[in-house]
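*Asks:* Quick one: structure below, then a few questions.
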Amino acid sequence: MDYIRDLIRDIPDFPKKGIMFKDITPVLSDIKALRLSIDEMTKPYVNQDIDVVVGIESRGFIFGAPMADKLNAAFVPIRKPDKLPWKTQKVQYQLEYGTDSLEIHTDAINEGDNVLIVDDLLATGGTAEAACELVAKIKGTIKGLAVLVELEFLKGREKLNPYNVHSIVKY
């Protein structure tokens, strides 16, 4: 995955001082890298009978929708509060400084559906953990989580036991 890794650029002090932001936009603008990313993120789940791919706002949508197509599965967005027009289930989660929330439509997943959760990056794991909680609340069966980038030093994967987490590029 060196090809993809080499396209991801570091942006120091973004969005605030002391953060080294991993910018994936060069991957998105290189069709070969984008296709390779989607293929590699999808590969472990091809024979897992995935019914629904859930994309976490917003970059999870970019990868999740084409992955759903490859898996012949539905695509469902998880969004920030007040962005979905129908009845929602909501989960609040902790950030480094404060809290945030995510929502999903209450009818987005049928009880027992096999679900793959997708995002661009796994850092501390708070957002992914909240997405797992949302899917569980509406009785989906989480088969795994797929991300393009994992910041291993932040140990987000530890919050996601016992789920199968698949990442392409690790730092």
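A short reminder: the numbers here are calculations on the coordinates, not readings from a lab. Source: prediction; values computed, not measured. Cβ sites come from the backbone with ideal geometry, for glycine too, and all protein chains shown count toward neighbours.
*Asks:* Might you report the magnitude of the Cβ-based charge dipole of the chain about its Cα centre, with Lys and Arg at +1 and Asp and Glu at -1, to the nearest 20 debye? Numbers along the way, then the final one.
*Replies:* Values: 22 positive and 26 negative charges, 31 e Å.
In debye, rounded to 20, the chain gives about 140.
*Asks:* Compute the Rg/Rh shape ratio of the range 17-79: radius of gyration over Kirkwood radius, all on alpha-carbon atoms. Mind showing how you got there, number by number?
*Replies:* Details: Rg = 13.0 Å, Rh = 12.6 Å.
Radius of gyration relative to Kirkwood radius: 1.04.
*Asks:* With each pseudo-label sitting 7 Å past Cα toward Cβ, what's the LYS137-LYS80 distance in nm, one decimal?
*Replies:* Placing both labels 7 Å beyond Cα along the Cβ direction yields 1.8 nm.
*Asks:* Of all trypsin sites (Lys or Arg not before Pro) in the range 48-88, which ones are in loop regions per DSSP and have a Cβ with at most 10 other Cβ atoms within 10 Å? Kindly include the intermediate steps, with their values, before the conclusion.
*Replies:* Numbers: sites: ARG59, LYS70, ARG79, LYS83, LYS87; in loops: LYS83, LYS87.
In loop regions of the range 48-88 (DSSP not H, G, I, E or B), the sparsely surrounded trypsin sites (Lys or Arg not before Pro) are LYS87.
*Asks:* Ok, one more. Toward the positive end of the charge dipole of the chain, about the Cα centre and with charges on Cβ (Lys, Arg +1; Asp, Glu -1), which of LEU145, VAL91, PHE61 goes farthest?
*Replies:* Ranked along the dipole, the leading option is VAL91.
*Asks:* Still on this model: With n ≥ 4 as the cut-off for DSSP H runs, can you work out [θ] at 222 nm for the chain, using -39500 (n - 2.57) per run divided by the number of residues, rounded to the nearest 500? Mind showing how you got there, number by number?
*Replies:* Working: 5 runs with 46 residues, N = 171.
Estimated from H runs of four or more residues: -7500 deg cm²/dmol.
*Asks:* Still on this structure, I have one more. Could you pull out every residue, at least 5 positions away or on a different chain, whose amide H is within less than 5 Å of the one on LYS170? Hs are placed 1.01 Å off N in the peptide plane, and Pro or chain starts have none.
*Replies:* Under 5 Å from the amide H of LYS170: GLU150.
*Asks:* Hey, got the Cα dimensions of the range 1-157 along the principal axes, in Å, largest first?
*Replies:* For the range 1-157, the Cα spread along each principal axis is 41, 38, 28 Å.
*Asks:* Across the range 142-156, in residue order, what do the Karplus-derived ³J(HN,Hα) couplings come to in whole Hz, using 6.51 cos²θ - 1.76 cosθ + 1.60 with θ = phi - 60° and x for Gly and Pro?
*Replies:* Karplus values, whole Hz, x for Gly and Pro: 7, 8, x, 10, 10, 9, 6, 10, 10, 8, 4, 5, 8, 6, x.
*Asks:* Further, regarding this structure: Classify the range 113-171 as rounded, prolate or oblate, taking a ≥ b ≥ c as the square roots of the eigenvalues of its Cα gyration tensor: rounded when a/c is under 1.5, otherwise prolate if a/b is larger than b/c and oblate if not.
*Replies:* Values: a/c = 2.30, a/b = 1.74, b/c = 1.32.
Prolate, since a/c reaches 1.5 and a/b exceeds b/c.
*Asks:* How charged is the neighbourhood of GLU57? Take every other residue with its Cβ under 13 Å from the Cβ of GLU57, and add Lys/Arg as +1 and Asp/Glu as -1.
*Replies:* Details: positive: ARG59, ARG79, LYS80, LYS83; negative: ASP82, ASP100, GLU103, ASP119, ASP120.
Residues near GLU57 contribute -1 overall.
*Asks:* Using the alpha carbons of the range 3-50, what is the convex hull volume per residue in cubic angstrom, as a whole number? Display every interim value, and only then the final one.
*Replies:* Numbers: hull volume 4.8 nm³, N = 48.
Value for the range 3-50: 99 Å³ per residue.
*Asks:* Cα-Cα over 23 Å: which of LYS16/LYS137; LYS32/LYS143; LYS32/LYS159; LYS43/LYS143; LYS22/LYS137?
*Replies:* On the way: LYS16/LYS137 34 Å; LYS32/LYS143 27 Å; LYS32/LYS159 32 Å; LYS43/LYS143 13 Å; LYS22/LYS137 31 Å.
From LYS16/LYS137; LYS32/LYS143; LYS32/LYS159; LYS43/LYS143; LYS22/LYS137, over 23 Å: LYS16/LYS137; LYS32/LYS143; LYS32/LYS159; LYS22/LYS137.
*Asks:* In addition: Nearest-5 percent of antiparallel DSSP beta bridges in the chain?
*Replies:* Working: 13 of 35 bridges.
Expressed as a percentage, antiparallel bridges in the chain total about 35.
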